[in-house]
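Below is one structure, written out as structure tokens, with a few remarks after it.
The values are calculated or read from the model by the stated rules, or taken from the named source; none is laboratory data. Remember, predicted model here, so these are calculated numbers, not experimental data. Cβ sites come from the backbone with ideal geometry, for glycine too, and all protein chains shown count toward neighbours. Note: areas computed on protein heavy atoms with side chains; ligands, DNA, RNA excluded. Shrake-Rupley method; radii C 1.70, N 1.55, O 1.52, S 1.80 Å.
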Amino acid sequence: MQINKCAIVQQIEKTIQHLESHLALANVHMVDYFHKDIFIKHIPENIQEEVNSCGFHNAIQAIHDQQTKHLPNLHQYIQKSMQLCLKNTSICMSFDQFRTRLEKLGCKQISHFKLDIFMKPKKSHEVEVLSGAVAAVHDIADTTHIIDIGDGKGYLSSMLALHYKIPVLGVDASETNTNGAVNRANKLSKVWNGVVTNVHTHKTSIDLYKQITKYVDETIDFKELVSNIFLESSERIGLVGLHTCGDLAANCLKIYNKHNDIKMICNVSCCYNHLTEHLGKERIGFPLSNLIREKKFILNRGARMIAAQSIERILHLKERPSKTIFYRAIFEILIQQSPSDVKKTQVGRFRKESSNFVDYARKAAGRINLPLEQSDTDISALYSKFEHRQDEMDLFYLLRAMLAPVVESVVLLDRLLFLYENGHTESYLVQFFDPVVSPRCYGIVSIKI
């Protein structure tokens, strides 16, 4: 599978064209659903007619069952959105295609080792797949040290050090995370030989894995860090990141592009809602590519928020939104009706689930210091007025979520194009993980050959 810059540009053009038609829908805030008549304003009329005719509940069932052909306009919208999902494009590689490409570059095989202790199943799946891929790319790029950006608890780093014997420096901005990574690595090293060979040993070294607490931006000098911490110089460094948050993923790509001594990168990102979008000529988190910057295309926060959702998991589990989302939309009407000047309207989550809407409204009002003059009977009556519209709102939530993979696509395609614009033609977009198990399943890999 050979990818070129022209193909990436064409895919971006198609993705942006679809998004521009539905960007208002993507940026809707669910709290405004009732008091701003969101369904009528943002769902195309032809789709409204279809779902009104068949019923909201039946439409939800059809989407969950992925049987929507009898609703042609709804079906067309869903199909177009799914076609733009990365895994359904010619730009994104499957893991098998990625393996084939690495073999052509000299990799003999990508090995796998599954570790079930000290990790939940999701993290175990991610570390098993990504550590093998990183080790293979590390060999091809002939790097001497790996730097794990956003190291967290050190899941990936400790696997690379203990199993693949690669010197790794874990970098995290949180001292708490760094300390946790140290403790976890020490515990893991004590039982490592027993895990691998089923023979318990008291002596296993974790010296290949070092940790440091440091904020990462474009000014960081990783070559100096490696020299100071490992007490040896390196002209060939690799960068990795498993679920680097927000702008951190973009910063990693910019650092890779800027420094000749960084020879490879393997980055799986997350938390698109924390991305900052460009301000004037300054490069922030999105977009990175000149193409999208010149278009002056902006996602805005609502669209970036929904990109964190997983339509694959929603459809697989036939999920509906939390009842709390429905409650919050009705509670917004109470806020709008209040004569008080409420400055804080972000309610957030409650530790204990509310037993009913009256319970929710009282707790929410207390959290934002909203004086509620209505009686419990009045609040309950307000809920009764909207109760029959829950299926309608749930359907809207599903239709909006269909845009999640499209937003994710434009963010990651932008990053891939940024690499190609800067001459890094051995760059790939890869689906590493099962999206139901790990929704943020795509990674960007680049090698300086």
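Data table
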read-out: Any chance residue 449 is β-branched (Val, Ile, Thr) and open to solvent by 20 Å² or more (accessible area, probe 1.4 Å); value: yes
read-out: Residue match in the range 419-439 (condition: under 30 Å from residue 41 (Cα atoms), in a helix (DSSP H, G or I) and of a type outside the set (Phe, Trp, Tyr)); value: no
read-out: Restricting the range 380-396 to residues that are under 30 Å from residue 74 (Cβ atoms), surrounded by fewer than 21 Cβ atoms within 10 Å (Cβ to Cβ) and of a type outside the set (D, E, K, R), the residue that is farthest from the chain's Cα centre (by Cα); value: 384
read-out: Pairs where the first residue, in the range 387-407, is on the phi > 0 side of the Ramachandran plot and the second is at pLDDT 95 or above, C-beta under 6 Å, 6+ apart; value: none
read-out: Of all residues in the range 254-305 being open to solvent by 70 Å² or more (accessible area, probe 1.4 Å) and aliphatic (A, V, I, L, M), the one that is modelled with the highest pLDDT; value: 305
read-out: Candidate set from the range 306-320 (those that are among the charged types (D, E, K, R) and assigned to a helix (DSSP H, G or I)); member that is least open to solvent (accessible area, probe 1.4 Å); value: 312
read-out: Positions within the range 397-409 being farther than 14 Å from residue 80 by Cα and crowded, with 24+ Cβ neighbours inside 10 Å, in sequence order; value: 408
read-out: Residue in the range 321-332 that is in a loop (DSSP other than H, G, I, E, B) and modelled with pLDDT under 95 present; value: yes
read-out: Residues of the range 334-379 classified as surrounded by fewer than 11 Cβ atoms within 10 Å (Cβ to Cβ) and of a type in the set (Ser, Thr, Tyr), total; value: 3
read-out: Out of 73, 27, 46, sole residue that is open to solvent by less than 80 Å² (accessible area, probe 1.4 Å) and in contact with an Asp or Glu (Cβ under 6 Å, 6 or more places away or on another chain); value: 73
read-out: Residue, most open to solvent (accessible area, probe 1.4 Å), within the range 204-234, restricted to residues that are of a type outside the set (D, E, K, R), closer than 24 Å to residue 248 by Cα and in a loop (DSSP other than H, G, I, E, B); value: 215
